[in-house]
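The values are calculated or read from the model by the stated rules, or taken from the named source; none is laboratory data. Please read these numbers as outputs of a predicted model, since none were measured by experiment. Because the Cβ atoms are built from the backbone with ideal geometry, glycine has one as well, and the counts that use them run over all protein chains shown. In case anyone asks, the SASA skips ligands and DNA or RNA and just uses the protein heavy atoms, side chains included. Shrake-Rupley method; radii C 1.70, N 1.55, O 1.52, S 1.80 Å.
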Amino acid sequence: MQFQLDEDQKNIVAAARQFATEKLAPGYQERDQSGQFSKDLCQEMGQLGLIAPEQSEEYGGSGVTYLTSGLIMEAIAAADFNMAYVQLLGSLNSQILTRYADKEIAKIWTPKICEGKVVLGVALTEPGGGSDAANLQLKAKKVDGGYELSGEKASISMSDQADIMIVFARTGEKDARAKGVSAFLVEMNSAGITTGRYDDLGQRCIGRGSIFFDQVFVPEQNRLGDENRAFSQVMEGFDFSRALIGLQCLAVAEASLKESWKYVQERVAFGKPIAENQGVVFPLAEAETQLEAAKLLCYKALWLKDNGLPHTSEAAMCKWWPPKLAFEIVHQCLLTHGHGGYGRDYPFEQRLRDVLGLQIGDGTAQIMKMIIARQKLGENQ
Ligand SMILES: Cc1cc2nc3c(=O)[nH]c(=O)nc-3n(C[C@H](O)[C@H](O)[C@H](O)COP(=O)(O)OP(=O)(O)OC[C@H]3O[C@@H](n4cnc5c(N)ncnc54)[C@H](O)[C@@H]3O)c2cc1C
């Protein structure tokens, strides 16, 4: 077992951290207020090779390992959780494209995603439900040369800012459930698409909302994978993104802890630094312990992927525990900063709002635990 980064990893993480600290951190709170993510910064991230870096050079990536991609995710999210979403979507969706899109289509879009010129979202959830995703209703009707999409998607990140979207739609009978679902790459400026945005608690510069499809034509070439097989084919990429989500949330917790260790040595109460009270530092020490364990879990899931080994249950663990833990650690750090922590001079209140969303987005804790239980029960049959 090897717990050291190699020289290439150290260099790429250092470059990502420098960019994130200098360019992203200063605007983290401002973008929360404006509700707009920055396309310019997105392109700068792309130029530095920070978006979907695990993609092969053929498709515009740097060909780094999945683990290295996770380390870059941490570096960015520590400074700006929301700009790290661009990486998350880039990594999740570009691997779907390179694996399941028509080669010509993948060659057009994937390099643009890596360059930060295009943001690609994913639209699965519908007003009727997200956990029971196989029950989706949005219809893709076969027409001459392609499909016509009609229906509504709900709760979609970047619904009104993404350039393209992977849309899951029903091509088979309703009672075929998962076996009647296909996925399509849809350009968001297509005729018949309208969007709406929710007034959310956090992740406000990413934004989340509805997408309405009114007889939207999608060429046959834009179908991803085989007809009716999207659940068994396209969805497998979600294991990778779940490990990235874990690190995205934990990076926020780690940044908050670093700031708190500094603060407790500076803040004086009862004539001495508050760090001299075990009641102050023990919760931080506990948080450090749990943070370390959760990070190792995420690294292991990515290492398993790098080595072509099964990692579905580890990925589901990364998706339910780290977002919850990150929320609890940021909460503790906010309290450690006393009344100041509750205000906007510090980023803790925003971090709490931002990380909370990923206890629901990409599947809730209950659904992740169902995945883990299913895997473990299967192993013991
Ligand atoms: C910040 C954020 C970003 C998101 N981004 C996207 C996106 O980009 N694309 C996208 O497609 N979707 C996105 N979503 C939607 C998200 O994937 C769904 O909200 C999620 O899957 C849950 O679906 P639901 O909200 O319909 O809850 P429901 O499915 O209605 O579930 C409600 C509650 O019941 C629980 N529950 C349901 N069934 C069971 C069961 N069998 N056993 C135990 N508990 C159960 C759930 O865990 C949950 O707590 C996002 C959501 C959020 C909050």
Study note, to complete from the structure: Checking Lys10, Lys23 in turn, the sole residue that is in contact with an Asp or Glu (Cβ under 9 Å, 6 or more places away or on another chain), open to solvent by 50 Å² or more (accessible area, probe 1.4 Å) and of a type in the set (D, E, K, R) turns out to be Lys23
Exercise for review: Taking Asp239 as the residue in question, decide whether it is within 14 Å of the ligand (Cβ to nearest atom) and either in contact (Cβ under 8 Å) with a residue 60 or more places away in the chain or touching a His at 6+ places or on another chain (Cβ under 9 Å) (or both).
Suggested key: no
Point to revise | Among residues of region 169-226, those that are within 16 Å of the ligand (Cβ to nearest atom) and at pLDDT 95 or above, counted | key: 30
Review point. Is it the case that region 322-330 has a residue that's away from the ligand (no atom under 16 Å from the Cβ), assigned to a helix (DSSP H, G or I) and surrounded by fewer than 18 Cβ atoms within 10 Å (Cβ to Cβ)?
Key: yes
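Given the criterion of a type in the set (D, E, K, R), without any contact (Cβ under 8 Å) to a residue 12 or more places away in the chain, over 18 Å from Val119 (Cβ atoms) and not assigned by TED's automatic domain parsing to the domain that holds Thr68, identify the matching residue among Glu173, Glu152. Give the derivation first.
Numbers: Glu152 fails: without any contact (Cβ under 8 Å) to a residue 12 or more places away in the chain.
Result of the check over Glu173, Glu152: Glu173.
Quick grid of which residues meet (1) among the hydroxyl-bearing types (Ser, Thr, Tyr); (2) within 23 Å of the chain's Cα centre (by Cα):
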residue	(1), (2)
Ala140	no, no
Asp144	no, no
Ser155	yes, yes
Ser159	yes, yes
Ala162	no, yes
Val167	no, yes
Asp175	no, no
Phe184	no, yes
Ser190	yes, no
Check your understanding: Among the strands (runs of 3 or more DSSP E) confined wholly to region 40-158, which include 2 or more residues that are touching a helix residue (DSSP H, G or I) at 6+ places or on another chain (Cβ under 9 Å) and either at pLDDT 95 or above or open to solvent by less than 10 Å² (accessible area, probe 1.4 Å) (or both)?
Key -> 120-123, 146-157
Study note, to complete from the structure: Exactly one of Lys295, Lys369, Lys324, Lys300 is among the basic types (Lys, Arg) and without any contact (Cβ under 8 Å) to a residue 40 or more places away in the chain, and that one is Lys300
